[in-house]
Amino acid sequence: MTSAMTADLHTHSAFSDGTDSADELVAAARAAGLRTIALTDHDTAAGWDPIARAARGTGLRVIPGVEFSTKHPDADGRPVSVHLLGYLFRRDDPRIVAEWDRLRHERANRGANIVARLVDGGFPITLDRVREIAGAANIGRPHIARALVEAGVVDRVGDAFDELLHDGSPYYAALRSTSLREGVEWIAAAGGVPVIAHPRARDAAAVMTADVIETLVPLGLRGLEVRHPDHDDAARGELGHIADALGLLQTGSSDYHGDNKTLRIGQERTADDVVEQIIEAGAQTPFDG
Ligand code: AMP
Ligand code: FE
Ligand code: FE
Ligand code: ZN
């Protein structure tokens with residue numbers, strides 16, 4: 001039996017590095033014919049209440065989630081970036097609240113640090129403008145990149161990363177991220193459903209081997225994001241096999257960021273029966289439109 005695919009379980013709003021307001025995100029999801037989305041802003045639940053309000057009465061169901069930026073060591077012990085989706089966890093869980101508090105301060109300091117280095121280097125941007133661009137979101141490199149585009153330093157956000165903001169750049173400052181293993185444990189302990197985001201995208205591919213993924217299952221890992229715009233057919237096939245072997249759920253999602261990326265909401269989807277299993281497993285109920 002094949003299940004219908006009416007869900008996109010990984011989307012961003014202007015509360016992190018997307019461009020859509022809660023209302024715009026709901027409208028985009030409905031226009032794409034979706035029944036369910038998950039809102040998964042980076043390291044914040046600030047969009048949960050606004051999107052619960054925006055979805056009310058529309059028929060769109062919204063699963064509250066967060067995309068945690070975590071690190072996991074590679075074979076040489078070097079920390080590599082891995083993104084972790086957490087769905088339907090209790091947002092007042094003390095360990096998660098404390099970690100977000102730490103990250104908010106860390107991001108503010110680190111963003112100011114990168115901007116100061118760029119200003120010293122003669123680039124005509126200001127911290128005030130970067131803060132304005134970030135709005136309610138914690139400051140990240142995408143906001144600094146937009147300030148650089150606005151100031152005419154580079155033509156596009158991608159160029160800002162390639163030329164000035166990559167992690168080998170003299171202007172770069174690192175972030176002390178959450179550890180992947182702790183992230184999985186904390187989400188599970190808070191009644192949530194942890195799913196590895198795009199395990200074959202960028203850096204993550206090198207560390208998210210089948211063996212490493214297996215070690216996360218006893219900590220509470222429940223799924224892998226198998227279908228994602230950054231995954232080719234070979235990656236999808238391989239991840240599908242790993243998920244089957246370990247009894248993990250397989251999700252699909254667009255990683256929609258509004259106008260910040262060219263991805264269309266709903267371009268990759270999750271099967272409805274998988275969505276029901278995630279809702280069943282989570283401590284919270286979704287926001288029902
Ligand atoms: P940060 O968390 O502040 O270190 O910024 C990392 C974020 O920047 C990632 O989550 C991506 O969304 C974005 N990013 C990384 N590399 C690029 C790139 N080459 N072009 C556009 N966005 C990027
Ligand atoms: Fe993002
Ligand atoms: Fe991601
Ligand atoms: Zn994302």
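Placing one identical point scatterer on every Cα of the range 111-165 and ignoring solvent, what is log10 I(q)/I(0) from the Debye formula at q = 0.23, 0.30, 0.31 Å⁻¹?
After summing over all Cα pairs, the log10 values are -0.80, -1.36, -1.43.
Angle between the Cα long axis of helix 94-120 and the longest principal axis of the chain, 0 to 90 degrees, nearest 10?
The angle comes out near 30 degrees.
How far is helix 22-31 tilted, in degrees, relative to the longest principal axis of the Cα atoms in the chain, given as a value from 0 to 90 rounded to the nearest 10?
50 degrees
Taking R0 as 22 Å, what's the FRET efficiency between ARG104 and ALA174 from their Cβ-Cβ distance, rounded to 0.05?
About 0.85, to the nearest 0.05.
Could you tell me what fraction of 2.2 N^0.38 Å the Cα radius of gyration of the chain comes to, as a two-decimal ratio?
Values: Rg = 18.5 Å, N = 289, 2.2 N^0.38 = 18.9 Å.
So the Cα radius of gyration is 0.97 times the expected 2.2 N^0.38 Å.
Out of the total accessible area of the chain (probe 1.4 Å, heavy atoms of protein only), what percent is carbon and sulfur? Spell out each step's value before the answer.
Working: 6020 of 12570 Å².
Of all accessible area on the chain, carbon and sulfur atoms account for 48 percent.
Accessible area per residue of the range 111-165 at 1.4 Å probe, in Å²?
49 Å²
Rounded to the nearest 10 Å², what accessible area does THR70 have for a 1.4 Å probe in the complete protein model?
0 Å²
Between ASP244 and ASP272, what is the spin-label point distance in nm, taking each point 7 Å from the Cα along the Cα→C-beta axis?
A separation of 2.4 nm, rounded to one decimal place.
Using a Förster radius of 22 Å, what is the FRET efficiency between THR19 and ASP232 based on their Cβ-Cβ separation? Nearest 0.05, please.
About 0.25, to the nearest 0.05.
Could you pull out which residues in the range 55-91 have an amide N less than 15 Å from a spot 7 Å beyond the Cα of ARG181, following the Cα-Cβ vector?
Hits in the range 55-91 for ARG181 at 15 Å: 71-80.
Could you report the range 200-255's accessible area per residue, 1.4 Å probe, as an integer in Å²?
43 Å²
So if R0 is 22 Å, what FRET efficiency would ARG156 and GLU132 give, r being the distance between their Cβ atoms, rounded to the nearest 0.05? Could you put the intermediate results ahead of the total?
Numbers: r = 20 Å, r/R0 = 0.91.
Result of the calculation: an efficiency of 0.65.
Modelling each spin label as a point 7 Å along the Cα-to-Cβ direction, I'd like the ASP76/ARG56 distance in nm, to one decimal.
Taking the two extended label points, one gets 5.4 nm.
Sequence gap at least 6, Cα distance under 8 Å: using those rules, report the relative contact order of the chain to the nearest whole percent.
Reported as a whole number, the value is 27 percent.
The values are calculated or read from the model by the stated rules, or taken from the named source; none is laboratory data. Remember, predicted model here, so these are calculated numbers, not experimental data. Methodologically, a virtual Cβ is constructed for each residue, glycine included, from the backbone with ideal geometry; neighbour enumeration extends over all protein chains shown. Note: areas computed on protein heavy atoms with side chains; ligands, DNA, RNA excluded. Shrake-Rupley method; radii C 1.70, N 1.55, O 1.52, S 1.80 Å.
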